[in-house]
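What follows is a short report on a single structure.
The values are calculated or read from the model by the stated rules, or taken from the named source; none is laboratory data. Here the structure is a predicted model, which is why all the values come from computation and not from measurement. A quick note on method: Cβ atoms are made from the backbone with ideal geometry, for glycine too, and the neighbour counts reach across all protein chains shown. Accessible surface areas use protein heavy atoms only, side chains included; no ligands, DNA or RNA. Shrake-Rupley method; radii C 1.70, N 1.55, O 1.52, S 1.80 Å.
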Amino acid sequence: MSQDLILETKNLVKAFKGFTAVDAVNLQIERGAIHALIGPNGAGKTTVFNLLTKYLTPSSGTLLFNGKDITARKSAEIARLGIVRSFQISAVFPNLSVLENVRVALQRKEGNSFHFWKHERVLNRLNDRAMQLLDDVGLSEFAHSKTLDLPYGRKRALEIATTLALDPELMLLDEPTQGMGHEDVEVVADLIKRVSVGRTILMVEHNLHVVAKLADRITVLQRGAILTEGDYACVSADPRVREAYLGVADDEPQAAAVHSIGPDSMGVAAGAGA
Amino acid sequence: MKTAIVTRSKLNLVLLLLALVAPFVLYPVFLMKVLCFALFACAFNLLLGFAGLLSFGHAVFLGTGGYVTGYLMINTGITPELGILAGTLAAGLVGALYGKLAVRREGIYFAMVTLALAQLAFFFYLQAPFTGGEDGLQGVPRGYLFGFIDLSDNLQMYFFVLAIFLFGFWLIQRTVHSPFGQVLKAIRENEPRAISLGYNVNDYKWVAFVISAALAGLAGSTKTLVFQLASLTDVHWHMSGEVVLMTLVGGMGTLFGPFVGAAAIVTIQNYLSGGELGNYIHIIMGAIFVICVLAFRNGIVGQFRKVLKQNF
Amino acid sequence: MSTSSSREKIRISDLHAFYGESHILHGIDLTLRQGELVTLLGRNGSGRSTTLRAVMGMVGRRSGSIMVNGSETLKLAPHRIAHLGLGYCPEERGIFSSLNVEENLMLPPTVRSDGMSVDELYEMFPNLYERRFSQGTRLSGGEQQMLALARILRTGANILLLDEITEGLAPVIVQKLAQVLLKLKQRGLTILLVEQNFRFAAPIADRHYVMEHGHIVEEVHAHELEAKTDLLNTYLGV
Amino acid sequence: MATFLGINLFGLFGQLLVGLINGSFYALLSLGLAIIFGLLKIINFAQGAMYMLGAFAAWMALNYFGLNYWLALVLVPLAVGAMGILMERVLIRPIANEDHLYSLLLTFGVALMLQGMFTHVFGSSGMAYAIPEALQGGIKLPFMYLPAYRAWIVVASILVCAATWWMIEKTRLGAYLRAGTENAQLMQAFGINVPLMVTLTFGFGVALAGFAGVMAAPVYSVSPDMGSNLLIIVFAIVVIGGMGSIGGAILTGLGMGVVEGLTKYFYPEASSTVIFLVMVIVLLIKPAGLFGKEA
Amino acid sequence: GPVSDDKVKIGVLADMGGVYADICGPGCVTAVEMAVEDFGGTVLGMPIEVVSADDQLKPDVGSAKVRQWVENEQVDAVGGLVSSAVVGAATKVLTDNKKIALISTAASNAFTTSACSPYNVHWTYNVAAMANGTVKPIVQSGKKKWFFITADYAFGHALESVATEVVQQNGGEVVGGVRAPLGTTDFSSYVLQAQSSGADVVALANAGGDTVNALKTAAEFGLTQTADVAGLLVFTPNAQAMDPATAGGMTLTTGFYWDYDDATRAWSKRFKERHGAIPAMGHAGAYSMTMHYLKAIDAAGTDESDAVMAKMKEMKPDDFFARNATLRADGRMVHDMYYVQIKKPDERRDADDIFKVVDVIPGDKAYAPMLPECNFAKS
Ligand SMILES: Nc1ncnc2c1ncn2[C@@H]1O[C@H](COP(=O)(O)OP(=O)(O)OP(=O)(O)O)[C@@H](O)[C@H]1O
Ligand SMILES: Nc1ncnc2c1ncn2[C@@H]1O[C@H](COP(=O)(O)OP(=O)(O)OP(=O)(O)O)[C@@H](O)[C@H]1O
Ligand SMILES: [Mg+2]
Ligand SMILES: [Mg+2]
């Protein structure tokens, strides 16, 4: 195989007391791809994320990042290696300015974070880079406002900018559009597309519209195990996926009703998305 | 923005001038006491106000600095600046050890852990052979600064203490406004996010703890020289409570608050200890706590700022 | 009282609500009749959740009037409101970490006798049955959402206030939920639904209110949907 | 005398039993603290003062109103609980939504005030309170003389602790309590009168301290500072047990009593520090405490 | 003039709200004020002023206050002086400034031995007198095996070591001991250990609440039936706090008992009227010492410290408190001490009737001889 894998899990298992949430998962993420992880509720998607970032310790199995075994690393170390996740809940520093939010992330690489005797103005040299990142996500006009006051969608964008500041090789996004109105979903989806250039993204998402639009490759989890893998067309055509996850839409009058309303740009994505 | 900076530096200048003439007007020993406690409270506030960690055992560091300096001054005849340095280092070391344990927990848990660790230290100092037990270390010589400035003179001692205080205060405000301070602030705002950005938050809290402990030790060492004694009161949990009170009264999370709070509490104590009201000291201190928490959570400086902001 | 108003389960008039200093709702008027399923649509932050919370007495300050079953609730202590037959499913789910799944399910006191049985609920959400002894917050995001909904179906409440219940659920479950809501409606329950997911809400709702900046700006009946698609597009960006 | 490895076994048994007696005291006090903390997230620094208040109330009941020990055992916890309720309503309620550190500071202030007031009125030397008639004397065990009153302490405390544990962990009321502290607003929306529940819980936790105070009056001198030093030990016990764990507080209380008892036998100088040492070790190995859940 | 600043100012440093407040707190202030009034309110034609302060039992607070008094507020002598830790710190400041320390209630014997000073006057009692007074008669009565329950800090250790010496000098033997941390509430472990040691006498080398608690526990566990319990330092308020049924019969030594004779009763009655409770030994000592100080100023014709000290040591103290007394060159006031027994419930008239005086111990038998290096008369 000549694939260039950025991340690979081998027989990854996570057992909670009397319950195996992730069961021998072999995940292979190609460099440069947008890879989506989907599956029914409780399939183990968030748990896989937690294992990859070491918020949870695997019961067994190995994690390989760029071919190196990272199974024993701590979560902060993993972040420093270049695997950064965004949270389901909005994760910003509410009382810092928008610019400072990004700067805190940029600062880590400066190596002066323990320098308590230096004046903080040494950080000003990071401002340009920070502004550039804010520009990327369309937040430059808000640079000096307090983060607390930003609308929800913008906070999400800021969070992505902050994550980008770490220049991660691999970004993990857990339901990035959850709780968003239609417009924001579009904005964030575009944003993800844009920032995916030159890096790898692994995301969990229930909004199939977004998945269809973004994902190069999809892994479907069910009961902790991989059900199938492939691109969107291939996965959505799989009858097992339809039964376990998508629902057998066409046979039901209600779902049919769903189809009859609004612009139908989503194929089988009955009942999902906006 | 610009005018704010100007008025700020003007304010600093006025305060400095006041500090220089004060000992000619007020009783210098009283002023030195205020400065020592102010430094202690400022050091404490570095943790509480800027890292969001309430240490309920900060007296340990005050006391450790005091005991080490006192012991060395009595038994080795080193010069006072070295004695103070040693006390500060010792407090920093204890802080490093205690901090390692304490930063593993957060919030009220952190407070309880520091309190219990402090009790451990208290009993150690009570029983250790070199602390003089209940009597403490009495008759600590003030000695000659750099070998030739006689500190037994209250005025000279005062300026020495003032210099120490200014150094400590400068270091604290620098720490707050440093790259390190930025990270601390971020951690306080959203700890999980800071972790996910790759910061080992416990290490940062730990460094803040050590700085705070060392500076508290510096305050304790200095206080020992001023009063020429080191005693158990400095390591008792009441003292840990008092520094919280000072910070609360002055305004936590503000740079000047702890200073103002320390001055206020020391003055009140001084006043109470002299009169009929001595009987009521615990009741009054308790009442101040209650009133501050219920009505004045911003403290004197915080309240002052708020009023300024609203009116200008 | 006339029969039509006695079938009026909720009547909100000129409702204002505040969080501290900020004025969020600016005079809401809406009514819900028995057996109706009505949705509140709108963008993020338009005040839909706040409307539900205001009914439950969970906002800082309110003025105006909220009648439930014909009696005024504005002056009622918050814990009395539920006993009028209201069940509330919050958008943040509100699963309790100190209780296990079953304890969470059994937690809300029953307010009427004809709620769904635990067996029925487990049948509807098999995930919950499987995980019934694990800590509530250890459930996956979607499972928590199921639990939050199941919990109030048990209480027998006949007016349901549901806030974004499809959020984070797999499409297959979302479809099932649509059936469940229809079934509840047939049983005569009254439902006020806050939804982001218009495709879910549209086919099952009788009416829609559209909110913007704390006002209700439009009321759309199910049969008008086709006609008003453009209008909805501008309000919701659908 | 029976010895084993040079250790006087009878002496050891005696110390174990005495440790258990003290432990049941710790259990009672840490239970009250753990309830208030675990359910309300309030560190009640005034718990020690409430214990002191309980002992003084028993003393006052006897000396001013002629109410005997048994009546005091029932009435005093009620009275102290009522004090707690008042305190919760007047002082703690207004800051319920602030950082929990404030309630710690507030109760710290209340503790200082109460201690100061009692010192002012009753002096600091302490008051004597006799062991009730029915519990005087003792039982001769092979290895020691067990005063009847101490036996009573163990029995009564363990009963109270067990009943409380059962109520909180196993009943519906307990579930309301636990849930109500996590998300009070939502519980209200479910139809539960949370403020009332919080007040009553605080009152109950404080009443436990009052109860312990009455239990203590006949064996320890009734003095204003009786609670303040004990309190910190009890804090340590709650930390060791895992804050918020009701069962943990009880078991750790008993266990630490025994550990302390053994220390008093083998190396008395360390007896005041041993609990804090255990705490440090436990924190190193299990930061959440022996019975605590990882945060 | 002969009087500095045209007034004689006496500071009273005491514990106003802490654990020693009943022993020498507001009561010591009252006693000193009574002395000033009884003296006539003026000396050498100049007014006598009394100021007081709470040391909060903190050496730093106490010494700071004293420093302020003598450096800034023209105080000539400081009375009261309770906790040894505070007194140690305070006397250093006073000596540095050549002002007189009138120590009424501190226990340590250091102020006239290892930390002696030409400006220290130590009046009421000290640990040596307590140990000598209490231990000797018991050992001599044939109870030879001793066990110590000692408060684990400087004061307790000192008391234990002085007492141990007395036990051994009189042919007794120490069969064991435990060091109980200060402020221990539960003494049952220690009592069990004492019980199994087979001692005839269990000595309590502690003070205040510790003594009360230890005694209570000893009675509860039946120790009082098998052995004698001796309190080495018990003040009247502590004795009052003990249950007479358990404490009755215990013997101890005191520097003063209010109900000793008409003279003590007369003064104590006046004191109780003002203070609300019968005097502890430190209260009477503070009065007696202040009187002596004022008389010495009068006799010296000045309030200058060296002259006053010389006069105080030259004149023999003699009043209802100081019987057969001398103020030695080292500053130790040596006077009759009282070996008393706590009355049982049926022996008591009322709540104030607590001691039965068993024996009067002449001062030279009670106090240790003067150390040569503390003989300030020679220099
Ligand atoms: N800490 C834990 N202890 C016990 N069980 C857990 C824990 N965390 C997760 N689980 C269980 O593991 C399973 C997988 O959970 P996970 O959160 O990974 O699901 P998911 O695929 O992210 O689902 P969703 O789409 O609903 O978010 C669930 O059944 C959940 O109840
Ligand atoms: N606790 C609160 N304190 C202050 N403001 C709040 C609070 N909760 C919500 N708000 C504000 O009230 C407004 C309306 O919020 P609400 O949650 O009702 O919106 P929504 O329509 O439900 O949108 P969403 O899709 O975000 O749930 C928003 O501007 C929000 O910022
Ligand atoms: Mg998930
Ligand atoms: Mg909402």
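Does A:E141 satisfy being away from chain B (no Cβ under 14 Å) and either more than 26 Å from C:V194 (Cβ to Cβ) or of a type in the set (S, T, Y) (or both)?
yes
Here's the yes/no breakdown for (1) away from chain D (no Cβ under 14 Å); (2) open to solvent by 40 Å² or more (accessible area, probe 1.4 Å); (3) closer than 18 Å to D:A236 by Cβ; (4) touching a residue at least 40 places away in the same chain (Cβ under 8 Å):
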position: B:G70; (1), (2), (3), (4): yes, no, no, yes
position: B:N75; (1), (2), (3), (4): yes, yes, no, no
position: B:E81; (1), (2), (3), (4): yes, yes, no, yes
position: B:L89; (1), (2), (3), (4): yes, yes, no, yes
position: B:L93; (1), (2), (3), (4): yes, yes, no, no
position: B:Y98; (1), (2), (3), (4): no, no, yes, yes
position: B:R105; (1), (2), (3), (4): no, no, yes, no
position: B:Y109; (1), (2), (3), (4): no, yes, yes, no
position: B:A116; (1), (2), (3), (4): no, no, yes, yes
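If a residue must be of a type in the set (D, E, K, R), surrounded by fewer than 24 Cβ atoms within 10 Å (Cβ to Cβ) and in contact (Cβ under 8 Å) with a residue 12 or more places away in the chain, how many such residues does the stretch D:84-133 contain?
So the first thing to find is which residues in the stretch D:84-133 are of a type in the set (D, E, K, R), and the list is D:88-89, D:93, D:98-99, D:133.
When the remaining residues are screened for being surrounded by fewer than 24 Cβ atoms within 10 Å (Cβ to Cβ), the result is D:89, D:93, D:98-99, D:133.
Remaining after also requiring in contact (Cβ under 8 Å) with a residue 12 or more places away in the chain: D:89, D:93.
So the answer is 2.
For residues that are under 19 Å from C:I191 (Cα atoms) and either open to solvent by less than 40 Å² (accessible area, probe 1.4 Å) or not aliphatic (A, V, I, L, M) (or both), scanning just the stretch C:73-88, find the one that is nearest to ligand 2 (Cβ to nearest atom). Give the steps one after another, and end with the answer.
Residues of the stretch C:73-88 under 19 Å from C:I191 (Cα atoms): C:73, C:81-88.
Pick out the ones that are also either open to solvent by less than 40 Å² (accessible area, probe 1.4 Å) or not aliphatic (A, V, I, L, M) (or both) and you get C:73, C:81-83, C:85-88.
Working: C:T73: 19, C:I81: 18, C:A82: 20, C:H83: 24, C:G85: 23, C:L86: 18, C:G87: 18, C:Y88: 13 Å.
Per the criteria, the residue is C:Y88.
State which residue is modelled with the lowest pLDDT when the search covers only the stretch C:31-56 and only residues that are within 16 Å of ligand 2 (Cβ to nearest atom) and among the hydroxyl-bearing types (S, T, Y).
Among them, the one singled out is C:S46.
Can you pull out every residue in the stretch E:37-55 that is out of contact with any Leu (no Cβ under 7 Å at 6 or more places or on another chain) and surrounded by fewer than 23 Cβ atoms within 10 Å (Cβ to Cβ)?
E:E37, E:D38, E:G40, E:G41, E:T42, E:L44, E:G45, E:M46, E:P47, E:E49, E:V50, E:V51
Does any residue of the stretch A:36-56 turn out to be in contact with a Ser or Thr (Cβ under 9 Å, 6 or more places away or on another chain), more than 16 Å from ligand 1 (Cβ to nearest atom) and of a type in the set (V, I, T)?
no
Restricting the stretch E:196-210 to residues that are closer than 18 Å to E:F235 by Cα, within 11 Å of another protein chain (Cβ to nearest Cβ) and of a type in the set (G, A, S), which is farthest from the chain's Cα centre (by Cα)?
To start, the set of residues in the stretch E:196-210 that are closer than 18 Å to E:F235 by Cα comprises E:203-210.
So of that shortlist, the ones also within 11 Å of another protein chain (Cβ to nearest Cβ) come out as E:207-210.
Subset that is of a type in the set (G, A, S): E:207-209.
Details: E:A207: 11, E:G208: 12, E:G209: 16 Å.
Residue satisfying both the conditions and the ranking: E:G209.
Among the residues of the stretch D:226-250, write down those that are outside any helix (DSSP H, G or I) and either more than 9 Å from every other protein chain (Cβ to nearest Cβ) or among the hydrophobic types (A, V, I, L, M, F, W, C) (or both).
Filtering the stretch D:226-250 for residues outside any helix (DSSP H, G or I) gives D:242-245.
Result: D:G242, D:M243, D:S245.
Please list, ordered by residue number, the helices (runs of 4 or more DSSP H) wholly in the stretch E:145-246 having 3 or more residues that are farther than 20 Å from D:A128 by Cβ.
Numbers: elements: E:154-169, E:188-196, E:208-220, E:223-226, E:236-241.
So the answer is E:154-169, E:188-196.
Open to solvent by less than 50 Å² (accessible area, probe 1.4 Å), of a type outside the set (G, A, S) and in a helix (DSSP H, G or I): does that describe E:M333?
no
Scan C:L169, C:L147, C:L177 and give me the residue that is in a helix (DSSP H, G or I), buried (at least 24 other Cβ atoms within 10 Å of the Cβ) and within 16 Å of ligand 1 (Cβ to nearest atom).
On the way: C:L169 fails: in a helix (DSSP H, G or I); C:L177 fails: buried (at least 24 other Cβ atoms within 10 Å of the Cβ).
Of C:L169, C:L147, C:L177, the one residue that is in a helix (DSSP H, G or I), buried (at least 24 other Cβ atoms within 10 Å of the Cβ) and within 16 Å of ligand 1 (Cβ to nearest atom) is C:L147.
Go through C:L40, C:L74, C:L52, C:L32 for me and flag whichever is within 16 Å of ligand 4 (Cβ to nearest atom) and either more than 11 Å from every other protein chain (Cβ to nearest Cβ) or farther than 26 Å from C:V180 by Cβ (or both).
Numbers: C:L74 fails: within 16 Å of ligand 4 (Cβ to nearest atom); C:L52 fails: either more than 11 Å from every other protein chain (Cβ to nearest Cβ) or farther than 26 Å from C:V180 by Cβ (or both); C:L32 fails: within 16 Å of ligand 4 (Cβ to nearest atom).
After applying the criteria, what remains is C:L40.
Within the stretch D:261-294, restricting attention to residues that are of a type in the set (D, E, K, R) and under 24 Å from D:W165 (Cα atoms), which residue is nearest to the other protein chains (Cβ to nearest Cβ)?
Here the residue is D:K293.
All but one of (1) open to solvent by 30 Å² or more (accessible area, probe 1.4 Å); (2) at pLDDT below 90 hold for B:S196; state the number of the condition that does not hold.
Here B:S196 clears every test but (1).
For the stretch D:94-110: of the residues being hydrophobic (A, V, I, L, M, F, W, C) and under 19 Å from the mean Cα position of the chain (by Cα), which is farthest from B:F110 (Cα to Cα)?
Among them, the one singled out is D:V110.
Hey, can you tell me all the residues within the stretch A:21-51 that are more than 12 Å from chain C (Cβ to nearest Cβ) and open to solvent by 10 Å² or more (accessible area, probe 1.4 Å)?
Across the stretch A:21-51, the qualifying residues are A:D23, A:A24, A:N26, A:Q28, A:E30, A:R31, A:G32, A:A33.
Would you be able to say whether some residue in the stretch A:127-138 is outside any helix (DSSP H, G or I) and of a type in the set (K, R)?
Within the stretch A:127-138, not a single residue is outside any helix (DSSP H, G or I) and of a type in the set (K, R).
Could you grab the pairs with beta carbons closer than 8 Å, sequence gap of 6+ or different chains, first residue in the stretch D:32-56 and within 11 Å of chain B (Cβ to nearest Cβ), second one open to solvent by 10 Å² or more (accessible area, probe 1.4 Å) and in a loop (DSSP other than H, G, I, E, B)?
D:F37/D:M243; D:F37/D:G244
Taking the stretch E:274-292, which residues are open to solvent by 10 Å² or more (accessible area, probe 1.4 Å) and in contact (Cβ under 8 Å) with a residue 40 or more places away in the chain?
Hits for the stretch E:274-292 are E:R274, E:H275, E:A277, E:I278, E:Y287, E:M291.
Identify the single condition in (1) more than 10 Å from every other protein chain (Cβ to nearest Cβ); (2) open to solvent by 10 Å² or more (accessible area, probe 1.4 Å); (3) under 25 Å from A:L51 (Cα atoms) that A:N127 does not satisfy, given that it satisfies every other one.
Condition not satisfied by A:N127: (3).
What's the total number of residues in the stretch A:94-123 that are within 7 Å of chain B (Cβ to nearest Cβ) and part of a loop (DSSP other than H, G, I, E, B)?
Within the stretch A:94-123, residues that are within 7 Å of chain B (Cβ to nearest Cβ) and part of a loop (DSSP other than H, G, I, E, B) number 11.
Can you tell me how many residues in the stretch A:14-35 are more than 12 Å from ligand 1 (Cβ to nearest atom) and without any contact (Cβ under 8 Å) to a residue 60 or more places away in the chain?
Our first condition is that a residue be more than 12 Å from ligand 1 (Cβ to nearest atom); within the stretch A:14-35, this holds for A:24, A:26-35.
Filter again for without any contact (Cβ under 8 Å) to a residue 60 or more places away in the chain, leaving A:28.
Residues meeting the conditions: 1.
Kindly indicate whether any position in the stretch C:150-158 is of a type in the set (V, I, T), touching a helix residue (DSSP H, G or I) at 6+ places or on another chain (Cβ under 9 Å) and within 16 Å of ligand 3 (Cβ to nearest atom).
Looking through the stretch C:150-158, none of the residues is of a type in the set (V, I, T), touching a helix residue (DSSP H, G or I) at 6+ places or on another chain (Cβ under 9 Å) and within 16 Å of ligand 3 (Cβ to nearest atom).
Determine whether A:G224 is within 14 Å of chain C (Cβ to nearest Cβ), within 16 Å of ligand 3 (Cβ to nearest atom) and in contact with a strand residue (DSSP E or B) (Cβ under 8 Å, 6 or more places away or on another chain). Spell out how you get there, then give the answer.
Working: within 14 Å of chain C (Cβ to nearest Cβ): yes; within 16 Å of ligand 3 (Cβ to nearest atom): yes; in contact with a strand residue (DSSP E or B) (Cβ under 8 Å, 6 or more places away or on another chain): yes.
Yes, satisfied.
What residue, of B:D203, B:D135, is open to solvent by 30 Å² or more (accessible area, probe 1.4 Å), at the interface with another protein chain (Cβ under 10 Å from one of its Cβ atoms) and under 22 Å from B:H58 (Cβ atoms)?
From the options B:D203, B:D135, the qualifying one is B:D203.
Go through (1) in a strand (DSSP E or B); (2) within 16 Å of ligand 2 (Cβ to nearest atom) one by one and return the number of the condition A:L64 breaks.
Just one mismatch for A:L64, condition (2).
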